1. Using only Cα atoms, tell me the angle between helix 210-220 and the longest principal axis of the chain; keep it within 0 to 90° and round to the nearest 10.
2. Return an integer: the convex hull volume of the alpha-carbon atoms of the chain, in Å³ per residue.
3. What is the Å³ per residue value for the convex hull set by the Cα atoms of the range 102-164?
4. Quick one: net charge around Arg44, please, counting Lys, Arg +1 and Asp, Glu -1 for every other residue with C-beta under 15 Å from its C-beta.
5. Angle check, please: helix 21-34 long axis (alpha carbons) against the longest principal axis of the chain (alpha carbons), in degrees 0 to 90, nearest 10.
6. Could you give the C-alpha radius of gyration of the range 1-90 expressed as a fraction of 2.2 N^0.38 Å, taking N as the number of residues it contains?
7. Going by average Cβ density within 10 Å per residue, which order do the peptides 37-47, 185-195 take, highest to lowest?
8. If packing is taken as the mean number of other Cβ atoms within 10 Å per residue, what is the order of 51-59, 164-172, highest first?
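The values are calculated or read from the model by the stated rules, or taken from the named source; none is laboratory data. This one's a predicted model, so the numbers in the text were calculated from it and none came from an experiment. Note: ideal-geometry Cβ built from the backbone for every residue, glycine included; neighbour counts use all protein chains shown. Side chains are part of the model used for accessible areas, which takes the heavy atoms of the whole protein and leaves out ligands, DNA and RNA. Shrake-Rupley method; radii C 1.70, N 1.55, O 1.52, S 1.80 Å.
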Amino acid sequence: MSKDRIYGVPQNPVPPFQFDESVVRVFDDMLTRSIPLYREIIRRQVQLLVRFYQEGTRIYDLGCSNGNLGMGTCRAMGNKPFDMIAVDSSRPMIEAYAARLEGTPHMSRVTLEWGDIRQTTIDQASVVVLNFTLQFIAPEHRDAMVTQIFDGLLPNGVLLLCEKSAHANATIENMQQAMYYQFKKENGYSDLEISQKREALEKVLVPEAMDVHLERCSRAGFRVVDVWLKWFNFAALIAVK
């Protein structure tokens, strides 16, 4: 796993963040050092996925990146047949995912698609996963995305959603940001790396308050919505149709 040093050298100006080849090369290190409890989230999501998967249906991983959730699903499912559609707008991510699948017995179970997840037809789904992806979609399109997922889910199907969140209260928001930056420093990121990454993500990653996510899921029609994990400004949700 290559070390993430993308923002270790001063850049002027700092270009907007994108999931290009340089990010793909260090992506797993970036995830572990930038997302609190990332491995725990993926581990438990896989367990939830297995629990809620309905035989003969589809699993959708929207914004699948390099396939950490998908590879975990393949291991957890074992010999049990399943059909997963994994979609990402980054071609380098899809290529990295394809390389991981190459030669494994699970190649036929995972269909990789390069494209905009908003254009994905969701049908006969029992599980849809949206991991740190909605935050990269323009806010005005997020309601439609969640509604599209709801419409494509079967009864008792679930949406597993993870997001970096914001807080409406300035005191709590500032505290959460401070704790997050402390987390990144503890994982070896310098002040320069933290500030340049923040600048790169400005207007690219737009977080929302947890209340907004909960209300959006409820408006879409989900009968149960729950936050099953929260670490300051990071949270994992499950919504049941």
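1. With rounding to tens, the tilt is 30 degrees.
2. 121 Å³
3. Once divided by residue count, the hull of the range 102-164 is 117 Å³.
4. +3
5. With both axes taken from Cα atoms, the answer is about 90 degrees.
6. Against the empirical 2.2 N^0.38 Å value, I get 1.31 for the range 1-90.
7. Ranked from most to least packed, the peptides come out as 37-47, 185-195.
8. 51-59, 164-172
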